[in-house]
Amino acid sequence: MATTLHSALQHIRDTKVWKSIFRRGPANSNRTRSLAVFGNLFLHWLPVKVREKSLRVRASYYLGSISFILFIVLFVTGILLMFYYHPAAPHAYRDMKDLQFVVSNGVFLRNLHRLAAHLMVFAVFWHMFHVFYRGGYKPPHEFNWVVGVVLLLVTLFLSYTGYLLPWDQLAFWAVTVGTNIISAMPVVGNKIRYLLLGGNIVGENALLRFYVLHVVILPLIAFVLIGIHFWRVQKDGGLTVKPKDDDGKE
Amino acid sequence: MSDEGHSSVPEASHPVQAGNEITRRDFLNEITLGALGIAGLGSVAVTYQFLSPNVLFEPSTTFRAGNPDLYPVHSVTFLQDQQVYIVRVPEGFYAVSAVCTHLGCVTQWKPDADMIACPCHGSKFKADGTKIEGPAPRPLPHFAISLTADGELLVDKLQNINFSQVLKV
């Protein structure tokens, strides 16, 4: 059975189509394994080699990876929720209630999106504290620290814009209070509030604007910055590894 | 390739003269960058205009508050749809905003305590809008109030008036 499977896979690898996609032989040496990483769009910003120490739990608690996985969960569940949601004034609240009580597995997806969002804010903050306290912001990682801070802000903006979309009392007052905080900014505050809300009150324009920010603009910014963030980890020489990461031995 | 085209390439070997001579390449680069810059600024301006709505489908800021006889003397009446208090004192009428000056929550009139209280962050005001305590930076503003030709109260929420102004009826 195993040999049949093996020979079947080998047969696929020998086809012209497979070879046109992957352009390399089997990953049986360090060279071909490196080529496999270099030649793949989704792997090329990851390091070809990592130190074993940096893979230990203590080195990072995998907080960055956890944040990224939560981001992917939010991306997938968010796209699914969009199939049932209209960002318009009477519909938004009803669609949210439909998702909870009418749509099959809707409540599961909505709660998954909501919980993953809460967890992502938590994970990103924890990631930042962990990097800060172990000095991961020091040269040569300064630029990546700044990218990370911007990603934290993007995460918070994503949370905030998503908070309006259920269009309930909590959402309405949170955005009323939040945008009044913006208008306290000197000189440009009121202008920014007007642009953000598309008017003077939290109404339909505001809902649509927050929706577009939430589902298009901010995720795009997040995706680009996450790409840079991962790539710079590799270019800056990998994770900050300390001697005590060896299973607690100093 | 002509000689002029050649001479502009190695800039280091081309001694900078006192007259700040610029090559054709520098000139074209600057013209291009300038044009792109102007176009970029223009796009920002156009986008800013596009994103600022010219017509708003928002509730009117001017409203009629009914006949003055509806409001007894020494009363504070909360008009929920308009988020305004109509206050009647012996001297006359004034209209106080019900929107807290702190962060925009809607306040409530507490007749037992004889004050206006905000549920969000605990600001408290007297019936005339002056602050008693809390984080609110300003008193609740008074809106312009007048009588229509047919004798109804008319409130304009875009126009703030002095605290001493009272509509005598």
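Which net charge results when you count Lys and Arg as +1 and Asp and Glu as -1 among the other residues whose beta-carbon is under 14 Å from that of B:ARG88?
-2
In whole Å, what three semi-axes, largest first, describe the equivalent ellipsoid of the protein assembly as shown built from its Cα gyration tensor (square root of 5 times each eigenvalue)?
One finds semi-axes of 58, 33, 23 Å for the protein assembly as shown.
Determine the total buried accessible area between chain B and chain A, counting protein heavy atoms only with a 1.4 Å probe; round to the nearest 100 Å².
The contact between A and B buries close to 1100 Å².
Below 19 Å Cα-Cα, how many Lys pairs turn up in chain A? Only count pairs eight or more apart in sequence, or on different chains, if you could.
For chain A, the number of qualifying lysine pairs is 9.
Let a ≥ b ≥ c be the square roots of the eigenvalues of the Cα gyration tensor of the stretch A:1-106; is it rounded (a/c under 1.5), or, if not, prolate (a/b larger than b/c) or oblate?
Since a/c reaches 1.5 and a/b is larger than b/c, the shape of the stretch A:1-106 is classed as prolate.
Does the stretch A:102-169 classify as rounded, prolate or oblate by the C-alpha gyration tensor (a ≥ b ≥ c root eigenvalues; a/c under 1.5 gives rounded; else a/b over b/c gives prolate, otherwise oblate)? Mind dumping the intermediate values first?
Working: a/c = 3.85, a/b = 2.57, b/c = 1.49.
In terms of gyration-tensor shape, prolate.
Just to compare against my own numbers: the Cα pair-distance distribution for the stretch B:19-83, 5 Å bins, whole % per bin, please.
That works out to 3, 11, 10, 10, 7, 7, 6, 6, 6, 6, 5, 4, 5, 4, 4, 3, 2, 0, in percent per bin.
Roughly how tilted is helix A:169-182, in degrees to the nearest 10 and between 0 and 90, from the longest Cα axis of chain A?
90 degrees
Please state the charge dipole magnitude for the protein assembly as shown, taken about the Cα centre, from unit charges on C-beta atoms (+1 on K and R, -1 on D and E), reported in debye and rounded to the nearest 20.
Using only the charged Cβ atoms, the result is roughly 2000 debye.
Can you tell me the mean projection area, over all orientations, of the convex hull of the stretch B:68-115's alpha carbons? Units nm², please.
3.8 nm²
Using Cα centres only, tell me the gap between the stretch B:119-169 and the stretch A:159-176 in whole Å.
Between the Cα centre of the stretch B:119-169 and that of the stretch A:159-176, the gap is 28 Å.
Would you work out what percent of the accessible area of the stretch A:150-214, with all protein chains in place, is carbon or sulfur (probe 1.4 Å)?
So the carbon and sulfur contribution to the accessible surface is 72 percent.
Calculate how large, on average over all directions, the projected area of the Cα convex hull of chain B is; give the answer in nm² to one decimal.
With the hull built on Cα positions only, its mean projection is 20.1 nm².
Along the positive direction of the dipole of the stretch A:94-250 (beta-carbon charges: Lys, Arg +1; Asp, Glu -1; about the Cα centre), which of A:ILE182, A:LEU213, A:LEU151 reaches farthest?
Highest projection toward the positive end goes to A:ILE182.
Using only Cα atoms, tell me the angle between helix B:24-51 and the longest principal axis of chain B; keep it within 0 to 90° and round to the nearest 10.
The two axes meet at around 20 degrees.
Taking the solvent-accessible surface of protein heavy atoms with a 1.4 Å probe, what is the per residue accessible area of the protein assembly as shown in Å²? Don't skip to the answer; put the middle values down first.
Details: 26830 Å² over 419 residues.
Spelled out: the 1.4 Å probe surface of the protein assembly as shown, per residue, equals 64 Å².
In whole percent, and with a 1.4 Å probe on the protein chains, what portion of the accessible area of chain B is carbon and sulfur?
On the way: 6310 of 11000 Å².
Of the solvent-accessible surface of chain B, carbon and sulfur hold 57 percent.
Quick one: what does P(r) look like for the stretch A:1-46 with 10 Å bins over all Cα pairs, in whole %?
For the stretch A:1-46, the pair-distance distribution reads 26, 44, 27, 4.
Considering protein heavy atoms only and a 1.4 Å probe radius, which residues within the stretch A:150-176 exhibit an accessible-area decrease of no less than 30 Å² in the full assembly relative to the chain by itself?
Buried-area filter returns A:TRP173.
Quantify how strongly other chains surround peptide A:196-202 by giving the mean number of their Cβ atoms within 10 Å of each of its Cβ atoms.
Working: counts 1, 1, 4, 6, 5, 4, 1.
Per-residue shielding by partner chains comes out at 3.
So what is the diffusion coefficient of the stretch A:139-250 in µm² per second by Stokes-Einstein at 10 °C and 1.306 mPa s, using a Kirkwood Rh over Cα pairs?
D, rounded to a whole number, is 96 µm²/s.
At a 1.4 Å probe, which residues in the stretch B:52-86 are at least 40 Å² less accessible with all protein chains present than in their chain isolated?
B:PRO53, B:LEU56, B:GLU58
Could you give each residue of the stretch A:112-124 its phi-based ³J(HN,Hα) in whole Hz, using Karplus coefficients 6.51, -1.76, 1.60 with θ = phi - 60°, and x for Gly or Pro?
So the J values, rounded to whole Hz, are 4, 4, 5, 5, 4, 5, 4, 5, 5, 4, 4, 5, 5.
Subtract the Cα-Cα distance of A:ASN40 and A:PHE101 from 0.36 nm times their separation in residues, and report this length gain in nm to one decimal.
Using 0.36 nm per residue and subtracting the Cα-Cα distance, I get 17.7 nm.
Please give the helix A:63-82 orientation as an angle from the longest Cα principal axis of chain A, in degrees from 0 to 90, rounded to the nearest 10.
Tilt of helix A:63-82: around 60 degrees.
In the stretch B:103-129, which residues become less accessible by 50 Å² or more once every protein chain is in place, relative to the chain on its own, using a 1.4 Å probe?
Listed by number, the residues meeting the 50 Å² cut-off are B:LEU103.
How large is the Rg to Rh ratio of chain A when both quantities use alpha carbon positions and Rh follows Kirkwood?
Values: Rg = 23.0 Å, Rh = 21.5 Å.
Looking at chain A, the ratio lands at 1.07.
Taking the highest mean first, how do the peptides A:152-159, B:91-98, B:28-35 order by number of other beta carbon atoms within 10 angstrom per residue? Don't skip to the answer; put the middle values down first.
Numbers: A:152-159: 17.6, B:91-98: 20.6, B:28-35: 10.5.
Going by the mean number of other Cβ atoms within 10 Å, highest first, we get B:91-98, A:152-159, B:28-35.
The values are calculated or read from the model by the stated rules, or taken from the named source; none is laboratory data. Quick caveat: nothing in here was measured; it's all calculated off a predicted structure. As a convention, Cβ positions derive from the backbone with ideal geometry for all residues, glycine included, and neighbour counts pool all protein chains shown. Note: areas computed on protein heavy atoms with side chains; ligands, DNA, RNA excluded. Shrake-Rupley method; radii C 1.70, N 1.55, O 1.52, S 1.80 Å.
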